[in-house]
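Q: Take a look at the following structure, please.
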Amino acid sequence: MDDQKRNLPTGPIKVPQPVRKDGAGGPDFGPRDVLRDLENPDMLVPPATDAGLLPNMKFSFSDAHMQLNRGGWSREITVRDLPIATTLAGVNMSLVPGGVRELHWHQQSEWAYMIWGCARITSVDAQGRNFIADVEKGDLWFFPAGLPHSIQALAEGCEFLLVFDDGSFSDLNTLSISDWFAHTPKDVLAANFGVPESAFDGRPDNQLYIFEDRVPGPIASEAVESPYGAIPLSFKHKLLAQEPLRTPGGSVRIVDSSNFPASKTIAAALVEIEPGAMRELHWHPNNDEWQYYLTGQGRMTVFGGNGIARTFDVRAGDVGYVPFAFGHYVQNTGTETLWFLEMFRSDRFADVSLNQWMALTPKDLVQANLNATPELLNALRKVKWPVVKYP
């Protein structure tokens with residue numbers, strides 16, 4: 001025991017102990033990962049209202065395998081890492097200036113959020129109509145399942161989040177042009193394109209995935225005109241240019257097929273929570289929620305019914321998950337603004353506010369259910385505030 005005590009960090013680090021203010025718990029003298037415990041205070045000392053067992057609903061991209069290539073890197077979180085996340089999977093990717101995510105396509109739809117930098121995206125649909133656009137910080141793109149596309153970083157490079165409408169998706173198992181060429185006989189390629197076999201002497205031996213290239217010129221200089229025209233529904237959406245719904249404590253920008261018509265299988269909300277504020281108690285009546293935390297730190301409690309609830313501490317780079325219709329809230333526990341994305345495998349965003357539900361229910365019924373005080377009943381709001389902040 002004494003040896004274990006000596007192995008604990010000393011100095012400015014205050015070693016947390018699994019002891020709650022009500023006296024529950026006791027000291028842990030190790031072996032233990034103190035830095036991990038400092039990052040997860042509400043897992044080490046759960047609120048007294050937490051109860052029962054819920055599966056893990058958080059995984060950090062920092063714990064994901066990093067795929068390094070000349071031209072950039074990628075890492076993914078799928079059901080292999082977060083088994084409860086069956087509806088969506090995510091890939092965090094970065095490209096150096098000129099770096100290319102090669103020409104490829106998926107069996108799943110791809111939704112993306114540009115975290116920083118700029119990139120050029122391209123696609124072609126089954127009618128031969130094409131799409132070429134530049135995207136910057138805060139922009140989205142969406143490629144329907146089966147349509148070929150590419151991503152290339154512009155002069156400053158870029159980093160982005162990709163979300164796919166299948167939790168078992170893997171970005172390393174996509175359909176790539178270089179991989180197809182490498183696994184097709186030269187005589188077949190020659191017959192297909194009407195050129196000699198020697199035209200394919202320089203083909204890659206395997207999938208490129210991410211590779212280095214020159215920074216492309218201005219979009220007008222590289223435009224390709226299709227005889228069939230351009231894709232009619234834009235695959236690009238400027239989310240940060242969208243007017244947010246502002247409430248005391250933060251804001252919400254909602255994007256789904258109603259304002260981004262191409263995005264038919266993934267809906268999302270970009271949530272801003274100021275210090276001391278919270279994403280209100282609510283649930284989603286249409287599908288599971290997949291989250292990505294962009295800045296700050298907070299905590300999320302998930303209520304699963306039957307007396308079960310669990311709290312998770314979250315910070316930038318984490319992925320959270322909430323099963324369909326489970327009640328939850330997200331608090332900002334830090335000193336900077338907490339920004340995160342909520343995403344759903346759905347064509348529309350939908351949530352149910354606990355506050356609004358109670359306000360639109362007869363007062364006597366609410367009072368009888370909760371033994372509610374007049375102070376609570378009179379404070380209920382008929383208008384939904386997704387983010388709330390009170391003294």
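The values are calculated or read from the model by the stated rules, or taken from the named source; none is laboratory data. On a predicted model such as this, the values are computed, not experimentally measured, just so you know. A quick note on method: Cβ atoms are made from the backbone with ideal geometry, for glycine too, and the neighbour counts reach across all protein chains shown. SASA here: full protein model, heavy atoms, side chains in, ligands and nucleic acids out. Shrake-Rupley method; radii C 1.70, N 1.55, O 1.52, S 1.80 Å.
Q: For an R0 of 45 angstrom, estimate the FRET efficiency from the Cβ-Cβ distance between Leu370 and Lys137 and round to the nearest 0.05.
A: 0.50
Q: Accessible area of region 24-160 with a 1.4 Å probe: how many percent of it is carbon plus sulfur?
A: Answer for region 24-160: carbon and sulfur cover 57 percent of the accessible area.
Q: Percent of accessible area on region 332-377 owned by carbon and sulfur, 1.4 Å probe?
A: 54
Q: So, in nm, how far is label Ile308 from label Leu233 when the simple model puts each one 7 Å beyond its Cα toward the Cβ?
A: Going by the 7 Å Cα→Cβ label model, 3.6 nm.
Q: In the chain, how many lysine pairs have Cα atoms under 22 Å apart, counting only pairs 8 or more places apart or on different chains?
A: 7
Q: Can you give the translational diffusion coefficient of region 119-191 in µm²/s, computed by Stokes-Einstein from the Kirkwood radius over Cα pairs at 20 °C and 1.002 mPa s? Please list the in-between numbers first.
A: Working: Rh = 14.7 Å.
So the translational diffusion coefficient is about 146 µm²/s.
Q: What is the local net charge at Thr78, summed over the other residues whose Cβ is closer than 12 Å to its Cβ (Lys, Arg +1; Asp, Glu -1)?
A: -2
Q: Run the quick spin-label model on Ser258 and Leu35: label points 7 Å from Cα toward the beta carbon, then report their separation in nm to one decimal.
A: Taking the two extended label points, one gets 4.5 nm.
Q: Note the full-extension length gain between Leu189 and Leu281 as 0.36 nm times their separation in residues minus their Cα-Cα distance, in nm to one decimal.
A: The Leu189-Leu281 span can extend by a further 27.3 nm.
Q: Taking 0.36 nm per residue of separation and subtracting the Cα-Cα distance, what length does fully extending Arg129 through Ala155 add?
A: 6.6 nm
Q: Let me ask something else. How much of the pair distance distribution for the chain lies past 29 Å, counting alpha-carbon pairs only, in percent?
A: Here the tail beyond 29 Å accounts for 51 percent of pairs.
Q: Let me understand region 196-341 better: what is its radius of gyration from the alpha carbons, and its Dmax, in angstrom?
A: 21.6, 70
Q: Between region 54-79 and region 109-137, what is the C-alpha centre distance in whole Å?
A: Going from one Cα centre to the other spans 22 Å.
Q: What ranking do 268-275, 52-59, 156-163 get when scored by the average of other Cβ atoms within 10 Å per residue, highest first?
A: Highest-to-lowest ranking by the protection proxy: 268-275, 156-163, 52-59.
Q: Additional query: In deg cm²/dmol, rounded to 500, what helix-only [θ] at 222 nm does the chain give when every DSSP H run of at least 4 residues adds -39500 (n - 2.57) and the total is split over its residues?
A: -3000 deg cm²/dmol
Q: Between Phe324 and Lys382, with labels modelled 7 Å along Cα→Cβ, what's the label distance in nm to one decimal, could you check?
A: Taking the simple label geometry, Phe324 and Lys382 are separated by 3.2 nm.
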